[in-house]
Amino acid sequence: QVQLVESGGGLVQAGGSLRLSCAVSGSIFSINTLAWYRQAPGKQRELVASISSGRTTNYADSVKGRFTISRDNGKKMVYLQMNSLKPEDTAVYYCKFGINSWGQGTQVTVSS
């Protein structure tokens, strides 16, 4: 019943910025943890950032200081602001809601 739709991916040069958005429907948004994951071809899906219902955040070491996760409970949206992008950030980025609800993903490509 829970649906997630990501947007905001695209092509950007190294050092540039993108903001990913995820719209969540079909559930009570405010009581659940939200997260962003990413996966490159042939590699394991990895946690990038998470944010709890109390707005406690957690980041992978590789993105700490460059990425910021936030949520808007009124709009039922979660965002990932990505600054100082590197080619190694290239991946499909997925929004996760609660325990096991996933979006379809959005492609982020960073050129050198």
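The charge dipole of the chain, taken about its Cα centre with unit charges on the Cβ atoms of Lys, Arg (+1), Asp and Glu (-1) only, comes to about 160 debye.
Stretching the chain fully between Ser52 and Asn73 yields a gain of 6.4 nm (0.36 nm per residue, less the alpha carbon separation).
Straightening the chain between Ser30 and Asp61 buys 8.5 nm, computed as 0.36 nm per residue apart minus the Cα-Cα spacing.
With coordinates expressed along the principal axes, the C-alpha atoms belonging to the stretch 44-112 extend over 37, 25, 22 Å, beginning with the largest.
When both bridge partners sit in the chain, DSSP labels roughly 90% of those beta bridges antiparallel. Dipole of the chain computed with +1 at Lys/Arg Cβ and -1 at Asp/Glu Cβ about the Cα centre; of Pro41, Met77, Val5, farthest Cα towards the positive end is Met77. At an R0 of 25 angstrom, the distance between the Cβ atoms of Trp102 and Leu11 translates into a FRET efficiency of 0.60.
Read the figures in this text as sums done on the coordinates, not as results from a lab. What you see is a predicted model, and the numbers here were worked out from it, not measured in a lab. Don't worry about glycine lacking a Cβ; one is built from the backbone with ideal geometry, like all the others, and counts go over all protein chains shown.
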